[in-house]
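What follows is a single structure, written as C-alpha cells, with notes after it.
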Amino acid sequence: MSKQLMCDRQTGVMWCRGFLQQAVRSMSTSRQVGVLFDVDGVLLRGGSVIPAARRAFRKLVDQNNNFLFPVVFVTNAGSCQRHHKAQQLSHLLEVQIAPEQVVLSHSPLRMLKTFHDKCVLVSGQGPVTDIANTLGFQKVVSIEQLREHHPLLDMVDHNRRPRLPPSPLKTLPKIEAIILFGEPVRWETNLQLLIDVLLTNGNPGCAYDPQLSMQLPVLACNMDLMWMAEAPSPRFGHGMFLLCLESVYKKVTGRELQYEALLGKPSLLTYQYAEHLLRLQNHNHKLTTIYTIGDNLMTDIYGANLYNRYLAQQHAAMTTTTKLVAQGMGSHLTMVVPEEEMVSAAAQCRSILVCTGVYDPRSPLPSNQSGAITETVFHGHRDLVLEPDLVEPSHLVEDVDAAVDLLLRQESTVPSGL
C-alpha cells in the first residue's frame, strides 16, 4: 500500500461530524454520489455490530434519520430474502433500511429472464425454493426434492441412506439449468447430486453419458472463498464449495466446469444492478461518483475496481439485448434487460478497504522483489484474472467510520463545477 493510502487512515479521524455534514449539504446539486456498503466484516461480525458502524451511520443521516446520499448494501450473502436482510440491518444499525436498498448475491438473477421459464435445480441453504420463485423462476426443484425422488443417489452417509418409497413418486421434469445460491449444509449430498445432474444432462435417474457434448447452464452466486464471522479467522464461503465442485467435475470428466454466469461481487452485473438501485433512490438523476466500502480484496475491491474500469470504457447506453463479457472474468452471459435499467451514468467507482474483516494489514498479498503481486496465494475465483491494479484500493482506512469520514471529506472539497 502507498504512503497516501496509509495517510488516509491517520487523517480520517480529524474531521468532525457537524462540519462534514454541513459541508455536504452545501455542495452543488450537480454532483451526486452514492455509497455501496459491504456487510460482513464491515458492519457486522456474525450477528454482532462492529462498533464503528453505528458511529458511521449517525454521520450519514440528517435530523429526520434520512440518508444524505443514496445508499445500497451489497452483500454476497444469499440464504434469505432481501426484506429479511433489510429488517436485520435496520434493527442492528438503528436506521431505517428498505428492501430496495439491499443487493444479495442472487438479486441480479431477477434480470436473467431467459432462464425464468426453465426447470432449475437450486442448491444452497435457507428457503432457496421460495427465493427462486421470488426472483421469477417458475419451475424449481430443490436438492432435497431430487434426493426424495431418486433415493439411490445419496449414499455417502450410511446412517442417512433413504429408504425406497412404497410406491413410485411422480417423475420430476428434466432439469434444464442449475442455480448455486450458496454453500449447502451437506456438501457431500449436494456435490453428488449436482454431478449426477451435470453428467446425465438433467436426467439424474439415468446412467452417466460419456458422450455429452454440451453442459447444462450453471449460474453461481457468491464467489467468496472465505468470509468473516465471529471466529478469529475467516470461515469457508461458497467459493470453497465451488472449488470442490469444479475439482470433482474435472476429476471425473477431465473437463473444466463452465459457468453461464457468476453473480455476486465481484461480477459486473452485480455492480450494474447496485448502481441501478442507487439511481432510483436519486430519482434517476445522474451519479458522478460511487464509493464502495469493503473488507475483502478479492471481492469488494476487485469488483469495485473492475466496475471503475468498465465505467471508464462504457459511456454509451447499453442496448436492450446485451452480451456482457466481463474483463477479468472467464464466463459470459446473455441477458434481456430494459435499456433504462442498465444505463451506467457514474463517472467513477472508488474503492475503500477497511481492516475489520477478511483483510489483515499484517498479512499483505504475496509479492515478488519488485513489489508485484504474485499468484502464489490467490483467493479469487478460478475464472478471475489476478491483476495488481484490480486489488489495489483507492483508499485504505481502519474501519467503516473512518471510511465515511473520508468520503464526506472528499465530497466537501470537490469543486462545485465538477
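The values are calculated or read from the model by the stated rules, or taken from the named source; none is laboratory data. Since the structure is predicted, the reported quantities are computational estimates derived from the model, not experimental observations. Neighbour counts run over all protein chains shown; Cβ positions are idealised from the backbone, glycine included. Note: areas computed on protein heavy atoms with side chains; ligands, DNA, RNA excluded. Shrake-Rupley method; radii C 1.70, N 1.55, O 1.52, S 1.80 Å.
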Check your understanding: Pick from C221, C244: which is under 20 Å from the mean Cα position of the chain (by Cα), modelled with pLDDT of 95 or more and farther than 26 Å from F137 by Cα?
Key -> C244
Check your understanding: In the stretch 101-128, which residues are in a helix (DSSP H, G or I) and either over 22 Å from Y273 (Cα atoms) or under 16 Å from the mean Cα position of the chain (by Cα) (or both)?
Key -> Q101, S107, P108, L109, R110, M111
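Can you go through P173, P162 and tell me which one is touching a residue at least 24 places away in the same chain (Cβ under 8 Å) and either exposed (fewer than 15 other Cβ atoms within 10 Å of the Cβ) or outside any strand (DSSP E or B) (or both)?
After ruling out the rest, the residue left standing is P173.
Looking only at helices (runs of 4 or more DSSP H) that fall completely inside the stretch 212-314, which ones have 2 or more residues that are of a type in the set (A, V, I, L, M, F, W, C) and open to solvent by 40 Å² or more (accessible area, probe 1.4 Å)?
Of the helices (runs of 4 or more DSSP H) lying wholly inside the stretch 212-314, those with at least 2 residues that are of a type in the set (A, V, I, L, M, F, W, C) and open to solvent by 40 Å² or more (accessible area, probe 1.4 Å) span 238-253.
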Exercise for review: Could you give me the residue pairs with C-beta distances under 9 Å whose first residue belongs to the stretch 199-214 and is on the phi > 0 side of the Ramachandran plot, whose second residue is of a type in the set (G, A, S) wherever it lies, and which are 6+ apart or on separate chains?
Suggested key: G202/A177
Check your understanding: Could you list, in sequence order, the residues of the stretch 98-148 that are within 20 Å of K170 (Cβ to Cβ), open to solvent by 50 Å² or more (accessible area, probe 1.4 Å) and without any contact (Cβ under 8 Å) to a residue 24 or more places away in the chain?
Key -> N133, Q138, E144, E148
